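Notes to accompany the following structure.
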Amino acid sequence: MTDLPAPALLAAAGLHLDVAGPLATVVLDKADRRNSQTPRMWTALADIGDALPPEVRVVVVRGAGQSFSSGLDRDLLSGVGLRGEQSIPALMAESDDTILDTVAGFQRGFAWLRDPRFVSVAAVQGHAIGGGFQLALHCDLRVVAEDAQLCMKEPALGIVPDLGGTKLLVDSVGYSRAMEICATGRFVGAAEARGMGLATVVVPRDELDGAVDDLVAALLATPAGAVRETKALLLGAGDRSLDEQRRFEREAQLRRFVELRGS
């Protein structure tokens, strides 16, 4: 276990982290740029995932201001760029292996949210576009405000969603609907998101914080080991046959019995 990133380093990446016992809250803290994302932010998010203390059971991901996240900072798509950040045109000029390795590093920024050690919750308001949509998809649960607008914008910009969002979107809504959402680049509102399973719950904007707090309290009221094992079972269920899943359930139950016998 490494030390948590220093607050100053997180602030430089546009992030704020608060860890209070079993609850960790990650805030995308660039409200003036609609919480746009950069490689530095993805690296810092990965560092948070690597360093979270073992007592953390719930991770809440929020966006400051009016939007959850507008996705990749548009300045990185042009020759303008951002100081200290590699632009997309600069990355495109690299070797094939470098591009693949670099994107793999970007993907680490979101991947840790699927870890069975904890349940991840996205509190989504306003725009969740591109990388913002993919970040929300990586969370196990999504509490969505009525003003939310979800969009997988990358294909409209000539690129693809590459932060793990394609599988998670298909898992949530099926291939055909995922194809339509990605290929058209249209916005999905909160009510539609609830209907297709993208939103766990939809609430008025001014009730978002309270709804997240209630969900966190309910999650923390359930025994940690049972939640951890159940999340692992659910995450792998789609890739297993029924017989395989039954075996994994038996083995998980045995681990629970062993832990409960010893408590």
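No lab work stands behind these numbers, since they all come straight from the coordinates. Being a predicted model, the structure only gives us computed values, none of them experimental. Positions of Cβ are backbone-derived with ideal geometry, glycine not excepted, and every protein chain shown enters the neighbour counts.
Once you divide the Cα radius of gyration of region 152-263 by 2.2 N^0.38 Å, the number left is 1.40. For region 42-169, the square roots of the Cα gyration tensor eigenvalues, ordered a ≥ b ≥ c, give a/c of at least 1.5 with a/b no greater than b/c, which places it in the oblate category. Extending 7 Å from Cα along the Cβ direction at E94 and again at A31 yields two label points whose distance is 3.4 nm.
Suppose R0 equals 22 Å; then what is the FRET efficiency for L9 and R83 from their Cβ-Cβ distance, rounded to the nearest 0.05? So, using R0 = 22 Å, E works out to roughly 0.90. Across the chain, the mean sequence separation of Cα contacts (distance under 8 Å, 6 or more residues apart), normalised by length, yields a relative contact order of 15 percent. Each DSSP beta bridge with both residues in the chain is either parallel or antiparallel, and the antiparallel ones are about 25%. Taking the DSSP beta bridges with both ends in region 1-145, the antiparallel portion is around 25 percent.
For the pair R240 and D209, a Förster radius of 41 Å applied to the C-beta separation gives a FRET efficiency near 0.65, rounded to the nearest 0.05. Rounded to 0.05, the FRET efficiency of the L254 and S176 pair, given R0 = 45 Å and the Cβ-Cβ distance, is 0.70.
Per-residue ellipticity at 222 nm from helix content only, as computed over the chain with -39500 (n - 2.57) for each DSSP H run of at least four residues, stands at -14000 deg cm²/dmol. For region 217-263, a crude dipole built from +1 on the beta carbon of Lys and Arg and -1 on the beta carbon of Asp and Glu, taken about the Cα centre, is about 140 debye to the nearest 20. Between A224 and V201, the modelled label-to-label distance comes to 2.4 nm, taking each label 7 Å out from Cα in the direction of the beta carbon.
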